[in-house]
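Undergrad: Submitted below is the structure of interest, expressed as C-alpha cells.
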Amino acid sequence: SEMCIRDRFTGMLRPGETMALRRRDILLPDDLMSTRRCFFICVAKPKMRRVAARREHVRIEDPLVLMMMERWLQGADPNAKLFPVSQSYMRLLHDKLVAWFGIPTLDGQGITPASHRAGGATHMFLCSNSIDRVRWHGRWACTSRTLEVYVQEVAALSIMPELSAEARARIAYMARASVSLLLESFGS
C-alpha cells in the first residue's frame, strides 16, 4: 500500500490507473538501456483518451522511488499486475493506513485514494511554482481548469492544522523515519 500511495503522489496517477498497472507499464533505466536515473510509467488507458492522447506516460525522477521500483520489479513477469487485489481491497488498506495516522478518510474531510493526485500536483507546484510543469507531469489538458482547482483547494484546505497533537507527532516521526525504514525494507 505504501508503494501504491507513493506512486500515486509522485506520478499523479488516478486510482484506476494505478490499479491497472502491470510490470510492462514501468520502464526502468535497464529496460531502456539508459544510464539516466529516472523511469517512466506508461498509462495504457488514460481517462481522457477519447479526446486527448490515447496513451500517456509519466516520468519519475525521485531517486528513492526509482530504487524501490528497481528492487521490487526485479525479475517480475512483464504481464504481472503490480497490485493484484481489487480496488475495494486497496481502498480498505489505504483507509487503514491513513486512519492509523489519525487522518480522516472521507471525501472533503480527509484523504482518499484520489487525494494523492491532487496532493502530488500541489506538492510539485509548491516546489516548482510552475503550473505548466505540473500540468505536463499530471497530464492535464491545457483547456482543463481541474489542475488549478486541485492546487487551490488542497493548498487552502490543508488538514494538518486540524489534526490532534498525537496524530501530528505520529506523522512527524514517520516522516523522519520513512526513508531509513524504506531503505531497510528493500535491503540497502
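Undergrad: In the chain, what % of DSSP beta bridges are antiparallel (nearest 5)?
TA: Values: 8 of 8 bridges.
If we restrict to bridges inside the chain, about 100 percent are antiparallel.
Undergrad: Can you give me the % of accessible surface on the range 102-188 that is carbon or sulfur? Probe 1.4 Å, all protein chains present, nothing else counted.
TA: Details: 3230 of 5540 Å².
The computed percentage sits at 58.
Undergrad: To continue, here is another question. Sequence gap at least 6, Cα distance under 8 Å: using those rules, report the relative contact order of the range 111-176 to the nearest whole percent. Intermediate results must be reported in sequence, preceding the final value.
TA: Details: 27 pairs, mean separation 21.6, N = 66.
Computed over the range 111-176, the figure is 33 percent.
Undergrad: Okay, moving on. Over the chain, calculate the relative contact order: mean separation of alpha carbon pairs under 8 Å at least 6 apart, over the residue count, as a percent.
TA: Numbers: 206 pairs, mean separation 44.1, N = 188.
Once divided by the residue count of the chain, the mean separation gives 23 percent.
Undergrad: How long are the semi-axes of the ellipsoid equivalent to the range 118-188, from square roots of 5 times the Cα gyration tensor eigenvalues, in whole Å, largest first?
TA: Numbers: eigenvalues 168, 71, 13 Å².
Computed over the range 118-188, the values are 29, 19, 8 Å.
Undergrad: Determine the calculated [θ] at 222 nm for the chain from helices alone, applying -39500 (n - 2.57) to every DSSP H run no shorter than 4 residues and normalising by the residue count; nearest 500 deg cm²/dmol. It would help to have the intermediate numbers written out before the result.
TA: Working: 8 runs with 95 residues, N = 188.
Using -39500 (n - 2.57) per qualifying helix, the result is -15500 deg cm²/dmol.
Undergrad: Using the Cα centre of the chain as origin and beta-carbon charges of +1 (Lys, Arg) and -1 (Asp, Glu), tell me which of Met67, Leu97, Ser130 is placed farthest towards the positive end of the dipole.
TA: The one lying farthest along the dipole's positive direction is Ser130.
Undergrad: With +1 on each Lys and Arg Cβ and -1 on each Asp and Glu Cβ, how big is the dipole of the chain about its Cα centre, in debye rounded to the nearest 20?
TA: Values: 27 positive and 19 negative charges, 133 e Å.
Rounded to the nearest 20 debye, it is 640 debye.
Undergrad: Full-extension gain between Ser178 and Asp77, please, as 0.36 nm times their residue separation minus the C-alpha to C-alpha distance. Don't skip to the end; give the middle numbers.
TA: Numbers: separation 101, 0.36 × 101 = 36.36 nm, distance 2.84 nm.
Length gained between Ser178 and Asp77: 33.5 nm.
Undergrad: Averaged per residue, what accessible area in Å² does the chain show with a 1.4 Å probe, protein chains only?
TA: Heavy-atom SASA per residue in the chain reads 61 Å².
Undergrad: A follow-up question, please. Would you work out which of Gln152, Thr112, His57 lies farthest towards the positive end of the dipole of the chain? Charges go on Cβ: Lys and Arg +1, Asp and Glu -1.
TA: My answer, from the dipole projection, is His57.
Undergrad: Arg22's amide H: which non-local residues (gap 5+, or another chain) put their own amide H closer than 5 Å, with H modeled 1.01 Å from N in plane and none for Pro or chain starts?
TA: Here Leu82 satisfy the definition.
Undergrad: Could you compute the FRET efficiency for Asn129 and Glu61, with r as their C-beta to C-beta distance and R0 at 25 Å, rounded to 0.05?
TA: Details: r = 17 Å, r/R0 = 0.70.
Approximately 0.90, to the nearest 0.05.
Undergrad: So, R0 is 25 Å and r is the distance between the beta-carbons of Leu27 and Ser88; what FRET efficiency does that work out to, to 0.05?
TA: Details: r = 29 Å, r/R0 = 1.16.
Calculated value: 0.30.
Undergrad: Could you calculate, for the range 72-179, the ratio of the Cα radius of gyration to the Kirkwood radius, expressed as Rg to Rh? Don't skip to the answer; put the middle values down first.
TA: On the way: Rg = 16.4 Å, Rh = 16.1 Å.
Dividing the radius of gyration by the Kirkwood radius yields 1.02.
The values are calculated or read from the model by the stated rules, or taken from the named source; none is laboratory data. Note that the structure is predicted; figures quoted are calculated from it, not measured. Cβ sites come from the backbone with ideal geometry, for glycine too, and all protein chains shown count toward neighbours. With ligands, DNA and RNA removed, areas are computed over all heavy atoms of the protein, side chains included. Shrake-Rupley method; radii C 1.70, N 1.55, O 1.52, S 1.80 Å.
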